[in-house]
Amino acid sequence: MNGYVDAPVSPAPTAQSRFASPSKAANDARKPLGDAQPTTAPWSPEKIASFYGAYAAKYDQEIEADLAAYPAPFVLGAWVIEWLRAHGKDLLAQNTAVQVLDVGTTTPYSIVDAVNAPAMQAAECEPVLRVLDLGCGTGQSSRMLFRAQSDRDMPAPVEVHGIDTTMEMLERAAARPFTSLTCANIEHLLPYAIHAFHAVICVGVMEFVADVGGLLDQLSRITTAPPHGDGAPAPVVAVTMPERAPGVASERADGDLNAWTRAEMEAMFAARGWWVERHERMHGYADSQTGAVTYYHAFLLQKRA
């Protein structure tokens with residue numbers, strides 16, 4: 001693909017924090033990973049909720065002990081803010097979703113935090129830029145977005161909505177200024193209206209997702225506006241994808257996390273109509289058990305008409 005900003009590789013931090021990460025225990029069952037295809041379900045939603053539920057109490061403490069060791073939330077957050085600052089007025093003119101939550105969805109979900117519900121009602125009276133933090137955890141990925149809520153340079157007020165599988169993480173996220181928080185399996189039908197969001201940020205999630213292509217299609221449903229003219233800005237998705245080094249066999253041990261080569265990532269995006277506006281390779285995390293470093297490829301995606 002072409003036409004996007006391809007940033008140089010971010011240097012690895014000098015002091016790499018070893019965040020707790022799911023163990024990569026393998027067994028003899030091997031699953032093939034074809035070109036540009038996601039792996040089959042590496043972890044069930046119940047297993048993810050159990051792991052991160054136990055980790056929730058110390059998650060923020062470990063992240064904040066060395067913020068430089070986990071740059072993705074801040075890099076992607078800055079990209080989203082820059083896009084909304086530059087194109088927010090045009091996005092608001094194109095996209096006038098009347099609601100955020102899809103009250104007609106059959107997907108079970110629960111709203112954890114309704115303290116900021118009046119802000120959602122205000123959206124009916126004044127233009128509001130709406131951002132979804134998909135797999136929000138405790139809210140680390142939205143820290144840059146929260147700063148933008150009071151930024152006078154933004155073309156409109158900013159709402160940040162969060163969704164995650166783990167209730168314990170969301171209970172901690174409730175201390176941050178989210179407009180709404182939802183506990184749900186993100187691979188089910190997302191409980192949001194069509195064209196509800198002007199941007200989505202998704203950090204450290206795709207390694208767990210069984211059907212990445214299906215989730216990308218869901219993101220298209222809840223972001224992209226009706227057909228617009230050539231060159232007109234569209235909502236964006238800022239996402240991290242874990243790297244599988246070239247030359248490594250494209251089959252994974254049962255229980256391992258998803259990973260792709262950059263070529264596979266971009267082929268997956270192209271197959272579903274996503275255009276890469278920006279890309280950067282960066283340090284992801286060091287496994288707490290093995291010390292092995294996982295690198296992320298960060299993308300800013302826009303759907304082209």
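The values are calculated or read from the model by the stated rules, or taken from the named source; none is laboratory data. These numbers come from a predicted model, not from an experiment. Methodologically, a virtual Cβ is constructed for each residue, glycine included, from the backbone with ideal geometry; neighbour enumeration extends over all protein chains shown.
Across segment 147-176, what is the total count of residues that are touching a residue at least 60 places away in the same chain (Cβ under 8 Å), part of a loop (DSSP other than H, G, I, E, B) and closer than 26 Å to Arg85 by Cβ?
5
Filter segment 278-304 down to residues that are over 21 Å from Val209 (Cβ atoms) and touching a Gly at 6+ places or on another chain (Cβ under 8 Å) and give me whichever is modelled with the highest pLDDT.
Residue satisfying both the conditions and the ranking: Val293.
Just to be sure before I move on: is Ala173 out of contact with any Pro (no Cβ under 9 Å at 6 or more places or on another chain), at pLDDT 90 or above and within 24 Å of Gly284 (Cα to Cα) in the structure I sent?
In short, yes.
Mind listing just one residue for me: the one in segment 276-305 that is small (Gly, Ala, Ser) and assigned to a strand (DSSP E or B) and, of those, surrounded by the fewest Cβ atoms within 10 Å (Cβ to Cβ)?
The qualifying residue surrounded by the fewest Cβ atoms within 10 Å (Cβ to Cβ) is Ala286.
Can Val209 be described as in contact (Cβ under 8 Å) with a residue 40 or more places away in the chain and part of a loop (DSSP other than H, G, I, E, B)?
Answer is yes for this residue.
Per-residue answers, yes or no, for (1) farther than 23 Å from Ala298 by Cα; (2) modelled with pLDDT under 85; (3) not in a helix (DSSP H, G or I); (4) not basic (Lys, Arg):
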| position | (1), (2), (3), (4) |
| --- | --- |
| Gln61 | yes, yes, no, yes |
| Ala68 | no, yes, no, yes |
| Pro73 | no, no, no, yes |
| Gly77 | no, no, no, yes |
| Arg85 | no, no, no, no |
| Leu91 | no, no, no, yes |
| Gln99 | yes, yes, yes, yes |
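Among the residues that make up segment 219-230, is at least one of them farther than 20 Å from Ile81 by Cα and modelled with pLDDT of 90 or more?
Yes.
Quick one: how many residues across segment 183-199 are buried (at least 24 other Cβ atoms within 10 Å of the Cβ) and not in a loop (DSSP other than H, G, I, E, B)?
2
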